[in-house]
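Notes for the one structure printed next.
The values are calculated or read from the model by the stated rules, or taken from the named source; none is laboratory data. This one's a predicted model, so the numbers in the text were calculated from it and none came from an experiment. All Cβ positions, even for glycine, are placed from backbone atoms using ideal geometry, and neighbour counts span all protein chains on display.
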Amino acid sequence: MSLVVFSIAVLFTSIGAGVVGAILGLGGGILLIPILTLFYGVDIHYAMGASIISVIATSSGAAAAYLRTGLSNLRVGLFLVMATISGAMLGAFLAGVVPVRALELILGLALSYSAFTIIRQLQDELPERLPEDPLAIRFGLEGRYYDFHLEREVDYRARRVGFGLTAMFGAGLLSGMLGIGSGAFKVLAMDYLMRLPMKVSTATSNFMIGLTASASAGIYFSRGDINALIVAPVAMGVLAGAYLGSILMARMRNTTVRKLFLPIVVYLAISMILRGLGIHLL
Amino acid sequence: MSAARRARRPGSGHVPSVEHLVARTLLAGGLLGIALILAGGALYAVHGGFHHHTLYLNRPPGGSPPGVFTSVRQVLDGLRRRPLDPLAVTALGLVGLMATPIVAVALAIPAFLRAGDRRYAAIAAIVLAMLVVSLTVAGGIH
């Protein structure tokens, strides 16, 4: 394929990945890696390098907009990311020591359960109220955003902070051990465990994944996995797409975002169970 | 914690300043990165790069194909070379993009302090330390 055609095609693909990533709080790697490798024939290492840059570009395009409108909660993000990074550091250390396939199987089953919980709350626009958590009050894990769909301001405060922290640690641990992105788990933890509004969950995840990705980008860079010719159109497309996605998401219902999120969780659950059984989709 | 409770109506200018600063940093870093990536691409096109090189979709055994830099030093060497390596400009943009979230957290620390939120200044400092440790322990950007 000529470089010009490749660059233009990848640019447009990446715009799509950026839109989806911004809305769902994922880095877009879940879409980009399969498309780049299967469709464009890019080496898996280059695809992963492109994906890590796309995570940062998504974060920079979308989180900037979300932080301004209050959808992304800086304090919640910083508070929880401490647990994720500690988990990821321990995970990278433990990689190679633990039985990966058993882990993948467990993760696949946990994700299947999450898919059911998503289906159960599919119609809930805002989370039901659970008892207050003193930790949330102490650390100011709360906020307010203007919901364009509900046409009013929505106040929220995190619940079950201990569970949330544990899940974030687990998400980091798994991503460190299995080398997978943890955006989906972060969203699930904030939405389901901590009962933050779905849009706040994906927007805050967007901010957090940028931080963790920038810490791990260095290793991809020094390994030579980041090819400027492949990554340049990805970064530009994703940044533009993420900005566009952030505008779209602000106007969506929480339930719509959750419906879009469901197939991602189902896909992750299936691919993890298959990996656990020794079948790699990719 | 009053900062988090302040009204955040779009366009009303009541957005807490730390959030605003982090948002601005993320956007500025992203745009600066993209500008450099574009500039590198444009120079590359002017020098006929798009016609001369084949794109390596697979990693060739031994040696790096054009467009692959494995350290900041290599990027800087490419920038110092005459004629300038246009892909080094693109790579500089990518390095800038990679560093942006870390810079944003670093800038948040004094901003939290100014806002009187010592607890979150400490949390941001912990996050920054963790990011730097994982970046250096992982043997990242030299």
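The set of residues in region A:1-36 that are out of contact with any Phe, Trp or Tyr (no Cβ under 9 Å at 6 or more places or on another chain), of a type outside the set (A, V, I, L, M) and more than 21 Å from A:Y243 (Cβ to Cβ) contains only A:P34.
Of the helices (runs of 4 or more DSSP H) entirely within region B:67-142, those holding at least 3 residues that are facing another protein chain (nearest Cβ under 8 Å) and closer than 19 Å to B:Y44 by Cβ occupy B:86-114. Inclusion of A:S222 among residues that are more than 22 Å from A:G61 (Cα to Cα), within 9 Å of chain B (Cβ to nearest Cβ) and either assigned to a helix (DSSP H, G or I) or at pLDDT below 90 (or both) is warranted. Looking across region A:30-74, the residues that are at the interface with another protein chain (Cβ under 10 Å from one of its Cβ atoms), more than 23 Å from B:L27 (Cα to Cα) and either in a helix (DSSP H, G or I) or not charged (D, E, K, R) (or both) come down to A:L36, A:T37, A:Y40, A:G41, A:V42, A:I44, A:H45, A:Y46, A:A47. Restricting A:I118, A:I85 to residues that are part of a helix (DSSP H, G or I), within 8 Å of chain B (Cβ to nearest Cβ) and in contact with a helix residue (DSSP H, G or I) (Cβ under 8 Å, 6 or more places away or on another chain) narrows the list to A:I85. Annotation note: of A:L262, A:L239, A:L244, the sole residue that is under 16 Å from the mean Cα position of the chain (by Cα), in a helix (DSSP H, G or I), touching a residue at least 40 places away in the same chain (Cβ under 8 Å) and surrounded by fewer than 24 Cβ atoms within 10 Å (Cβ to Cβ) is A:L262. Residues in region A:175-203 that are of a type in the set (D, E, K, R) and not in a helix (DSSP H, G or I): A:R195 only.
In region B:1-55, counting only helices (runs of 4 or more DSSP H) that sit wholly within it, the ones holding 1 or more residues that are at pLDDT below 80 span B:2-5, B:49-52.
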